[in-house]
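Student: Supplied in structure tokens, the structure appears directly below.
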Amino acid sequence: MEQNITEIMTQLVFQLAVIIFAVRIFGKLVVKAGIPSVLGELVAGIIIGPYALGSIPLPGFAEGLFPLNSASLAVTPELYSFSIIASIILLFSSGLETDLKLFLKYSLSGGIIGFGGVAVSFLLGDIVTMLMLNTSFMDVRCLFLGIMSTATSVGITARILSDKKKMDSPEGVTILAAAVFDDVLGIVLLAVVMGIVSAVSGGAALSGGKIGIIALRAFSIWLVFTALCILLSKKIAQFSKLFGGATDFTIAAFGVALILAGIFEKQGLAMIIGAYTTGLALSGTEIAPVIQEKIHGIYKFFVPVFFAVMGMSVNVKELANPTVLQLGLIYTVFAVVAKMIGCGLPALGLGFNVKGGLRIGAGMVPRGEVALIIAGIGLTAGIIDQELFGVVILMTLITTLVAPPLLNILLGTKGRGTRKEIKSTETQQFIWDFDDPQIAMLIFDLFVTDLRKEGFFVQMMNISDGLTQARKGAVSLSISTEGSKVLIQTAAEDMGFVKAEIYESVLSLNNSLRSLEALKNANALQSGLFSCENRIDSALSKILSKDVISAELQAENKQEALEELVWLLEKSGKVIDHRAVLNDILAREKIMSTGLENGIAIPHAKSDGVKEICVAVGVKKEGLDFEALDKKASKIFVMVVSPKTGASPQMQVMSAVTGVLQKTEAVEKITNAKDSAEVLQIFTDASKK
């Protein structure tokens, strides 16, 4: 019996909900173990998929939440469509992050090494599969596994290079340059093989000449569209900007990627090639960094869904099959060897010694997103079966797990990786701590903007970790943020330039803040807290309790009043660091007093000293000097403190407080209240009105 559309959509909603939580839980677990989150997302898909827990009957889902759809398409078409959109987003983002100038001009050694890695990986991957399956070199299954062996997950390598302070070392720069060539050449190969697959599926008999013609046609389609997109990149950017601001033109640019993806699919090539081509063309335009920033949200939602769906396509029984394990291990060994040889050997002829060649080869070993996308295309098209899909999954898992420790060991060995001493290879890391994460992000953004103005090409190397690299000629910078810190790693001889650029960024921000300084004493800026338009929220009464209210403060001055209110907060059990809370409150008061008008003061701050938002109320009937706006003594004090991190409705609570206190009768009642219970009742009654 066929499901109706409502049932199908209901099932899809539940499936997406489960996937969202599963990929994040497993992703965080593996990250804690030092493993890339993509593997956790893949494993999450395997566990909740139709070959494992997904097929267990549940109330309302007789065949399980993730029933097996078919051997070639394990999940429902609706869920699979989400993974297709995710793959387009992923490759569109990869194209945006590609340094086109680097690909065209930057590094001869990177081009040779990238080409060597792709060529040897493709040949060995194809030949090993041919021998395992006892078939021909041109068997489409062999061609597909050859392509999947070429992929490189540069984000993993970039993080290791950054941690080891080797991002701008000869090996680091060469790896990152080679990875750009690797990505582009892999896409070209995929275009050629998809052209061959399309001809085979159409029943065409393939001779050597016909294969050449098909390959030439596929390559020509890719080349023509890529050249046109690059030539028209500024026009495409201008067209996208016609639709409005940053968010609108980002969506429009992605729409262009969808159109090109569809065109490539109609031509018998893969959609991801069109998406990558669009991103590659736009990577050199001024809107590229904005698109990268704006698309980050949908990337974080869709891409983990893709990895989960790929995991769901893995038949656990096939993965545990001795034959699959044997084939997978053999294929994986040759996939590792192919990169070590294909990238390492050319490096020996380009000024590197054996140690440097091994480091470069190891840096190109980890596979990832593109290999999985190609595998998914092959599985759903019926080109590869579950056994070969399992082989690819195994290779992806092992290379991603093995590469980081292998590269760490090689980078940790003493001695240079080049045959000749290269001047200024020593790397330095400088850390600026701005004591405030928001200030750190502002400085980071200003610094990156200034680098672009200086002619640097800036790209995000690891979207999940926020690792960014900037490169211009021989100068290479690795930039990241950790809380309130900005971390920059570069060659020792370039650190003077970096410090000067950071100094200019700080001055620029300081100049912008000074323009706000004129408003510091403006009554309108502060009196906004005390407005008759403030909403009175009943949630305020739920936060307040008698033990955080004092109807008779003992304080004789502002400092003592603040200390007494913090002590009241500590009684609530929500304060984990009394001193931190007091220091943060005092720091806020130094900026501008929170004493308002009509005898009211609302001291407040965000602090790591509290676990959740908390409120304390104090009353000093005779009043004390709190540097209020109207210069009068303050009698009612409401302290609001919330955590620095996480969602916390501090301003809404403060608005609710002023909503109560703007009522004259409430102020009089609170001032004359006999005890804390009466003060609490006044707030409670006012909140209900």
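The values are calculated or read from the model by the stated rules, or taken from the named source; none is laboratory data. These numbers were taken from a predicted model, which means no experiment stands behind them. Quick reminder, even Gly has a Cβ in these numbers, built from the backbone with ideal geometry, and neighbours come from all protein chains shown. For the accessible areas, the whole protein counts, side chains as well, though only heavy atoms, and no ligand, DNA or RNA atoms are used. Shrake-Rupley method; radii C 1.70, N 1.55, O 1.52, S 1.80 Å.
Student: Using the Karplus equation 6.51 cos²θ - 1.76 cosθ + 1.60 (θ = phi - 60°), what ³J(HN,Hα) coupling, rounded to whole Hz, does each residue of region 603-612 give in order, writing x for Gly and Pro?
Tutor: With coefficients 6.51, -1.76 and 1.60, one gets x, 7, 5, 9, 8, 6, x, 10, 8, 8 Hz.
Student: Right, next: Report, in listed order, any pair from 32/571; 499/606; 542/669 with a Cα-Cα distance greater than 26 Å.
Tutor: Numbers: 32/571 35 Å; 499/606 30 Å; 542/669 20 Å.
As for pairs spanning more than 26 Å Cα to Cα, those are 32/571; 499/606.
Student: Then there is this: Using θ = phi - 60° and the Karplus form 6.51 cos²θ - 1.76 cosθ + 1.60, what ³J(HN,Hα) does each residue of region 384-390 get, whole Hz, x for Gly and Pro?
Tutor: 10, 9, 4, 4, 5, 5, x
Student: Please report how far the C-alpha centroid of region 610-689 lies from that of region 319-337, rounded to the nearest whole angstrom.
Tutor: Computed from Cα coordinates, the inter-centre distance equals 68 Å.
Student: From the backbone phi of region 311-325, what are the Karplus-calculated ³J(HN,Hα) couplings (6.51 cos²θ - 1.76 cosθ + 1.60, θ = phi - 60°) in whole Hz, Gly and Pro given as x?
Tutor: x, 5, 7, 7, 7, 4, 5, 5, 5, 8, 5, x, 5, 5, 4
Student: Still on this model: Can you figure out the FRET efficiency of residue 78 with residue 31, using R₀ = 25 Å and their beta-carbon distance, to the nearest 0.05? Please list the in-between numbers first.
Tutor: On the way: r = 30 Å, r/R0 = 1.19.
With a Förster radius of 25 Å, E is 0.25.
Student: In debye, nearest 20, what is the charge dipole magnitude of region 608-682 about its Cα centre with +1 on Lys and Arg Cβ and -1 on Asp and Glu Cβ, if you could check? Could you put the intermediate results ahead of the total?
Tutor: Details: 10 positive and 10 negative charges, 7 e Å.
Once rounded to the nearest 20, the dipole reads 40 debye.
Student: What's the magnitude of the charge dipole for region 281-392 around its Cα centre, counting Lys and Arg as +1 and Asp and Glu as -1 at the beta-carbon? Answer in Debye, nearest 20. Intermediate results must be reported in sequence, preceding the final value.
Tutor: Details: 7 positive and 6 negative charges, 72 e Å.
Dipole size: approximately 340 debye.
Student: Carbon and sulfur together cover what percent of the accessible area of region 1-61 at a 1.4 Å probe radius?
Tutor: Details: 2640 of 3630 Å².
Carbon and sulfur together cover 73 percent of it.
Student: Students often forget the sequence filter, so: which aspartates and glutamates lie under 20 Å Cα-Cα from residue 674 once same-chain residues fewer than 8 apart are removed?
Tutor: Filter leaves 547, 552, 556, 564, 622, 665, 685.
Student: Excluding same-chain pairs closer than 8 in sequence, count the lysine pairs in region 189-322 whose Cα atoms lie under 22 Å apart.
Tutor: Values: 210/266; 234/294; 235/294; 241/294.
Taking the Cα cut-off of 22 Å, the pair count is 4.
Student: Which FRET efficiency value, to the nearest 0.05, is calculated for residue 590 and residue 238 with the Förster distance at 51 angstrom and r the Cβ-Cβ distance?
Tutor: Details: r = 48 Å, r/R0 = 0.94.
Here the calculated transfer efficiency is 0.60.
Student: How would you rank 313-320, 638-645, highest first, on the average number of other Cβ atoms within 10 Å across their residues? Before the final figure, lay out the partial values.
Tutor: On the way: 313-320: 19.0, 638-645: 22.1.
Those peptides, ordered most packed to least, come out 638-645, 313-320.
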